[in-house]
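J.: Dropping the structure in here first, questions after.
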Amino acid sequence: MLVTLAPLGSVRLTFQPLVPAEPAVTFTVATNPPVHEFSDTDAEQPTFPGGGVDRSDSEAHLDWAGPTPGEWADRLGVAPEAAQAVVCAAAREVFEEAGVLLAGPNRETVVGDVSGDDWEAARQDLEGRRLGFAALLADRQLTLRSDLLLPWSRWITPEFEPRRFDTYFFIALLPAGQRTRDVSGEADHTLWIRPADALARAQAGELTMLPPTLVTLAQVAAAGDLAGVARAAADRDAATPVTPRLDLPPDGEPRFVLG
């Protein structure tokens, strides 16, 4: 169903086949004190950065630290192969769009500063799809630190949208010795801001945000500091999707309902 808002508060409904939701990930890098990243293609409507899931990552043989793909499968509500692909996608997007690499020489360490020319060339190859994330880790003999990703939630685009995504939200923990960079080529600009400040700007009408962004900001802000965010993430349901739907009351304004 395609919903078009018309003058005088009415709506026009056009029924069309339901579009399948494409698997995707989005993330925010959490620092201490808590400051989170937004990127946007419209300066007035920031979103968390992210991207699609590469299904080939489900078959890659990786050195892996943290929860196993099987354990991630339980957290995300998918098969282990799909969970591996989702986690790889999240780690890849963190490197592509924030310049932060969640990997190290072994299960207990992470690489240091990755802002040099050699690493930047690799990041650009990833972004241009000339290099796969699993290949990058294998070539440099690195272990994926999946324990530095905290699953937060899962949102599916409303059914009436012409393009839909089944998106997993993650909190990425900034490794010691690394720094974030504004390197994303997919956004007009990048904004780093405290969650509470972002919410205040949204309430003041300075920023317009979609429901997944607003809800996630409020949840992260309520968790307090970085330790509180980690504790909250451990108890969150990241498998059950939230799918906003349009409520059309016969005598009221159309509104979105989270469900």
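J.: Full extension from R107 to Q203: what is 0.36 nm times the residue separation minus their Cα-Cα distance, to one decimal in nm?
T.: Working it through step by step, the gained length comes to 30.3 nm.
J.: Hey, another quick one. How much of L18 can a 1.4 Å solvent probe reach, expressed as accessible area in Å² and rounded to 10?
T.: 100
J.: Longest segment of the chain with no trypsin sites (Lys or Arg not before Pro) in a DSSP loop having at most 15 other Cβ atoms within 10 Å?
T.: Numbers: sites that count: R107, R129, R130, R140, R163, R179, R181.
Of all site-free stretches, the longest is 1-106.
J.: Another question, if that's okay. With all protein chains present and a 1.4 Å probe, how do T31, T208 order by accessible area, largest first?
T.: Reading off the accessible areas and sorting them downward yields T208, T31.
J.: Moving on. Which residue, chosen from L142, I156, L173, occupies the Cα position most advanced towards the positive end of the dipole of the range 128-176, where the dipole is computed from +1 (Lys, Arg) and -1 (Asp, Glu) charges on Cβ about the Cα centre?
T.: L142
J.: Here's a follow-up. Only Cα pairs under 8 Å and at least 6 apart count here; give the relative contact order of the chain as a rounded whole percent.
T.: Relative contact order comes out at 26 percent.
J.: What size of dipole, in debye to the nearest 20, comes out for the range 94-193 about its Cα centre when the only charges are +1 on Lys and Arg C-beta atoms and -1 on Asp and Glu C-beta atoms?
T.: For this selection, approximately 280 debye.
J.: Go through S146, S115, S56 and list them by solvent-accessible area, largest first, probe radius 1.4 Å.
T.: From most exposed to least exposed: S56, S115, S146.
J.: I've got another one for you. Given a 1.4 Å probe, how much area per residue of the chain is accessible, in Å²? Spell out each step's value before the answer.
T.: Numbers: 12560 Å² over 259 residues.
Heavy-atom SASA per residue in the chain reads 49 Å².
J.: Once ligands and nucleic acids are excluded and a 1.4 Å probe is used, how much of D117 is accessible, expressed in Å² to the nearest 10?
T.: The value for D117 is about 140 Å².
J.: Let me ask you something else. When the chain is treated as a GNM, springs tying every alpha-carbon pair under 10 Å, which of P23, P175, P105 comes out with the largest mean-square fluctuation?
T.: Comparing P23, P175, P105 in the GNM, the peak value goes to P105.
J.: Report L102's accessible area, 1.4 Å probe, all protein chains in place, as a number in Å² to the nearest 10.
T.: For L102, the solvent-accessible surface is approximately 0 Å².
J.: Let me ask another. Place a +1 charge on the Cβ of each Lys and Arg in the chain and a -1 charge on the Cβ of each Asp and Glu, then give the dipole magnitude about the Cα centre in debye, rounded to the nearest 20. Provide the component values of the computation, followed by the final result.
T.: Values: 21 positive and 38 negative charges, 87 e Å.
Result for the chain is approximately 420 debye, rounded to the nearest 20.
J.: Just A90, A24, A227 to compare: in a GNM of the chain, with alpha carbon springs under 10 Å, which one fluctuates most?
T.: A227
J.: Over 23 Å apart: what share of the alpha carbon pairs of the range 62-182 falls there, rounded to a whole percent?
T.: In whole percent, the share of Cα-Cα pairs in the range 62-182 beyond 23 Å is 31.
J.: Can you give the Kirkwood hydrodynamic radius of the range 154-259 from its Cα pairs, in Å with one decimal?
T.: Hydrodynamic radius (Kirkwood, Cα pairs) of the range 154-259 is 16.4 Å.
J.: For the full complex of protein chains and a 1.4 angstrom probe, list I171, I156 by accessible area with the highest value first.
T.: In descending accessible area the options line up as I156, I171.
J.: Highest GNM mean-square fluctuation, the chain, Cα pairs closer than 10 Å: which of D235, D147, D125?
T.: Result: D235 has the largest fluctuation of those listed.
J.: OK, next. Across the range 159-172, in residue order, what do the Karplus-derived ³J(HN,Hα) couplings come to in whole Hz, using 6.51 cos²θ - 1.76 cosθ + 1.60 with θ = phi - 60° and x for Gly and Pro?
T.: Those phi angles translate into 5, 7, 6, x, 9, 10, 10, 9, 10, 8, 9, 10, 9, 9 Hz.
J.: A follow-up question, please. Report, to the nearest 10°, how far helix 211-223 tilts away from the longest principal axis of the Cα atoms in the chain, using its own Cα long axis and a range of 0 to 90°.
T.: In the chain, helix 211-223 runs at an angle near 60 degrees to the longest axis.
J.: Just to be sure I understand: of the beta bridges DSSP finds with both ends in the chain, what percent are antiparallel, rounded to 5?
T.: Numbers: 25 of 38 bridges.
Bridges in the chain are about 65 percent antiparallel.
J.: Let me ask something else about it. What part of the accessible area of the chain, given as a whole %, is carbon or sulfur when the probe is 1.4 angstrom?
T.: On the chain, the fraction of accessible area on carbon and sulfur atoms equals 52 percent.
J.: Find out how many positive minus negative residues lie around S115, taking Lys and Arg as positive, Asp and Glu as negative, among other residues whose Cβ is under 13 Å from that of S115.
T.: Once all neighbours under 13 Å are counted, the net charge is -2.
J.: Here is a further query. Taking 0.36 nm per residue of sequence separation and subtracting the Cα-Cα distance, how much length would be gained by fully extending the chain between E120 and D74, in nm to one decimal?
T.: Gain on extension, E120 to D74, equals 13.1 nm.
J.: Now, a different point. Using the crude model of +1 on Lys and Arg Cβ and -1 on Asp and Glu Cβ, and no other charge, please compute the dipole size for the range 57-138 relative to its Cα centre, in debye to 20.
T.: 140
J.: Please give the contour-minus-distance gain from V19 to D237: 0.36 nm per residue of separation, less the Cα-Cα distance, rounded to one decimal in nm.
T.: Going from the current span to full extension adds 76.0 nm.
The values are calculated or read from the model by the stated rules, or taken from the named source; none is laboratory data. The structure presented is a predicted model; accordingly, all values stated were derived computationally and were not measured. A quick note on method: Cβ atoms are made from the backbone with ideal geometry, for glycine too, and the neighbour counts reach across all protein chains shown. In case anyone asks, the SASA skips ligands and DNA or RNA and just uses the protein heavy atoms, side chains included. Shrake-Rupley method; radii C 1.70, N 1.55, O 1.52, S 1.80 Å.
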